[in-house]
Structure formats: C-alpha cells, structure tokens
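Below you'll find the structure, written out as structure tokens, and then a few comments.
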C-alpha cells in the first residue's frame, strides 16, 4: 500500500507547490510594484500637463495683449478665443472655453461623456470663482479637471483643461494583462521544471523507501545503488551501512540462538531420560537422579549466564571506561587468579600506564584466560600474567606451560562453543566472552603463534591506548 503524508500530498508535490507559490508571490509583488510606480508616473505627467496649460494661460492673461495684433484683449471671451486658437492639447486632453456669454467651445477630440455631463458643468461652475483641480468620474471613466477663472470687471469666464485619466492608463492596463498572462505561463513552466527536478532529487529517497519496504526479517540482502556526490549519496551509504550492521546483528543472533538451542538440547535430553527411568520407590535412585538433575541445571544456568553476557556485549553500555592504573590491575588479576588452582603463578610484567578502559571487564577477561589455563595445565605448571605498553596499544596476556592449542582449532579458538578438547567440562564460551570484552574496548583477543622454543599457549588482549569513548 502506498503511503502518503498527513496532508495527503507527497514531498515532491509539496516542493513543487512551494516553488510555484513562491514564484507566483514574487511575480505578483513585481507586478504590483510596477503598476504602482507607473500609475504614479502617469498621474505626475497628467498634473504637469494640466499645470503647463494653466500656466500658459496665466502668462497670456498677465500680458493682456494679443500676440499677433498687440492689441489689448478687452474682454475675457476674446482672451479665451485667442488662447484656444493658438494651442493644441496633449493626447487624451481637451481644452475648454466657458465664455461669459455664448456657447461653450473646446479644442481636441470630442468627448460626449463630458459634453452631456451635468456633473462636469457643475464642477466648472463651482471652480469658476476660485479655480483649482478636481477628480471627476463619469460612467466609470476617470478625469482630472483643471479650471482657471478669467475675470475682467464684472465679466467672468473660465478656461478648463480636462484629461482622460482612464485613457492614459489604458496602455498600463493592457501591459498588466499581458504581464499577468506571461506570469501565469511562467509559474506553470517553473512548476513543471520544479516537479521534474524534485523527482530527480528525491529519486534516491524513493529507492530507499522501496528498499526498506522490501526488507523482511528473513531477508536483509537489499541494498541501494549509490550514485552521486551529495547529501543524499551520504544518506544512501549510511543506509547501506546500517543494513550491513543489522544483517550482521541478525546473523549473530541467529547463530547464538541456534548454538544455544543445540547446547541446551543435550542437558534437557539427559534430564528427561533420567527422570523417565527413575524409580520413585528407590530412595538411592531418587537421590542419585536428584544430584544429576541439579548438576545439569547448574550447567544450563551457567550456559544461560554466559549467553546473556555475550548478548550484553553488543550493547553500548557493556563497557564503562575510565582512566585505570594498568600496573595495579595486572597485579590484582594475578592475586585473584591464585585461587583458581595449585599452579606456579608468575607476574611477567606490569606496565605503570594510565589507560582508559573498564577495569572490571578486563579483569574478568584475564581471570577467564587464567581459568582456561588452569584447565589445560597440571599441578605445578607455570602460569604467567603480564601487561605492556607497546606503542599505541596496551597488551595484557596470560601464558601457560601446558600442552598448547592444537593447530586444527587455532583459527576458531575464539568462536562460541569451540573447545580444544572435545568432551571437556564447559561449553566453549569462555574465550568468546574474552574476545567480546576486547572488541568492546575497540581491540581484539589473539593467540600467539606456536613456537618450537616455547611450550604451552599465550593469549593476549590488545587494547588501543585511547580505548573506547569515556
């Protein structure tokens, strides 16, 4: 079943929508800014044009004479007629003459809305005494009206300039419509490109999801094909590394369970066999069976304890490292080992180094090696314990003068349930525990190579001087 986000949209869809919205917002902001700037420029041009026409009339009115005849105008109507005959209006502009007596005249393209508008006539009448500029809207069309009174005695006329603001702004409106269409096409194009790029960028994540969905408890073999050189590539590598670790962990768990089942089957079979044949009326038979059952239970308890210790070794808190005096640790391990058996215990060496490690775990490993040495030596044989600082690593060892380790099992000596002597008491988990403790410290457990001039065996713990993180 395909999984979707909480909102019902995939990451690709949300990224595409985000890019489209941001682009649209940017284009709208640019469009609004352009419209405001251009609108103000148009309004400024209109106001300057009106002021220029009124200024030219005032100049002529101040001079008071006809520029051609150099005769005084005499009346406001003659001044209006002379001015209108010599001036041409700017585009979208009309020059009007409202005489003292007679019909209204104009210069420019005819505008029926103004001619037939009572509002226009009332506005001119209102401004005929004071003059000024007003805005006027007729049938949805916007105008700017400038009125300049012409007064001579009791006679009063008016010069009027009307500018069709809507007509002047029409190119801007057409431009904004074109801009809006192009912006919409741009948003669609950018959204398509963003969707394609998001699909390409999220392809590794999609493969990661598909790989994760294909992983089951029994099959961890799926891996991602690592491509590219970016953060998603690092994520692919990290995911593959995680699968490797999980596969190793599951394999280790399976082996541990298989080995535990195998080792527990034998004592359980022994217990069942003796309990089935025990004679409940024979006190001696019951007592011997009881002793055997308790011995087998103790062996199983020891096996379970060792297996739990190995399982705990995979946890990050298995080792609690702190600065440790290796010399005191080595001497303390030797003193504890003396009680394991009647052997000739020897301190080979003890380095006076301060190393970050878990003293209890290292002591546990040394005692396990000492116990292993006791089991493979006889009374009076020598067992030596020592430690040395070798460059960037610390080495701790336990050696004995016993029979040594057979060549055929040297390679697997640290494996679980591996035993040097088949049928020997124990489960073969001791050296596995030693190896787990060494690995938890970032090091390893190893068996020295057999030499003709040396008897017995020497087991070592090799720990980096830095140790695990504190």
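The values are calculated or read from the model by the stated rules, or taken from the named source; none is laboratory data. Everything numeric here is computed off the predicted structure, so don't read it as measured data. No Cβ is skipped: glycine too gets one built from the backbone with ideal geometry, and neighbour counts run over all protein chains shown.
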Over segment 98-114, the set of residues outside any loop (DSSP other than H, G, I, E, B) and loosely packed, with under 13 Cβ neighbours inside 10 Å is 112
Out of (1) in contact with a helix residue (DSSP H, G or I) (Cβ under 8 Å, 6 or more places away or on another chain); (2) in a helix (DSSP H, G or I), the one residue 298 does not meet is (1)
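Residue-wise test of (1) assigned to a helix (DSSP H, G or I); (2) at pLDDT 70 or above; (3) under 27 Å from residue 11 (Cβ atoms).
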position	(1), (2), (3)
191	yes, yes, yes
222	no, no, yes
239	yes, yes, yes
249	yes, yes, no
254	yes, yes, no
ask   = Do we have residue 403 as at pLDDT below 90 and either out of contact with any strand residue (DSSP E or B) (no Cβ under 7 Å at 6 or more places or on another chain) or in a loop (DSSP other than H, G, I, E, B) (or both) here?
value = yes
Result of the Cβ filter at 6 Å on segment 185-214, keeping first residues that are under 15 Å from residue 24 (Cα atoms) and partners that are modelled with pLDDT under 80 and not in a helix (DSSP H, G or I), at least 6 apart or interchain, is none
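For every residue, the table says whether it meets (1) surrounded by 14 or more Cβ atoms within 10 Å (Cβ to Cβ); (2) under 23 Å from residue 42 (Cβ atoms); (3) in contact with a strand residue (DSSP E or B) (Cβ under 9 Å, 6 or more places away or on another chain).
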position	(1), (2), (3)
129	no, no, yes
137	no, yes, yes
143	yes, yes, yes
154	no, no, no
160	yes, yes, yes
165	yes, yes, yes
171	no, yes, no
174	no, yes, no
Query raised in the report: Within segment 140-155, can one find any residue that is under 59 Å from the mean Cα position of the chain (by Cα), over 21 Å from residue 89 (Cα atoms) and assigned by TED's automatic domain parsing to the domain that holds residue 42?
Result: yes
Picked from segment 306-355 (must be closer than 19 Å to residue 370 by Cβ and modelled with pLDDT under 80), the residue surrounded by the fewest Cβ atoms within 10 Å (Cβ to Cβ) is 309
Exercise for review: Report whether or not residue 373 is crowded, with 16+ Cβ neighbours inside 10 Å, assigned to a helix (DSSP H, G or I), in contact with a helix residue (DSSP H, G or I) (Cβ under 8 Å, 6 or more places away or on another chain) and assigned by TED's automatic domain parsing to the domain that holds residue 391.
Suggested key: no
- Message: Would you confirm, using the coordinates I've provided, whether residue 79 is in contact with a helix residue (DSSP H, G or I) (Cβ under 7 Å, 6 or more places away or on another chain), outside any loop (DSSP other than H, G, I, E, B), surrounded by 13 or more Cβ atoms within 10 Å (Cβ to Cβ) and modelled with pLDDT of 90 or more?
- Response: no
- prompt: Quick check, is residue 88 on the phi < 0 side of the Ramachandran plot, surrounded by fewer than 18 Cβ atoms within 10 Å (Cβ to Cβ) and outside any helix (DSSP H, G or I)?
  reply: yes
The residue from 188, 208, 181, 201 that alone is touching a helix residue (DSSP H, G or I) at 6+ places or on another chain (Cβ under 9 Å), loosely packed, with under 15 Cβ neighbours inside 10 Å and not assigned by TED's automatic domain parsing to the domain that holds residue 113 is 188
Checklist line | Condition check for residue 121: in a loop (DSSP other than H, G, I, E, B) and farther than 22 Å from residue 45 by Cβ | finding: no
If we keep only residues of segment 424-446 that are assigned to a loop (DSSP other than H, G, I, E, B) and within 26 Å of residue 299 (Cβ to Cβ), then the residue modelled with the highest pLDDT is 429
Exactly one of 34, 70 is assigned by TED's automatic domain parsing to the domain that holds residue 150, surrounded by fewer than 18 Cβ atoms within 10 Å (Cβ to Cβ) and modelled with pLDDT of 90 or more, and that one is 34
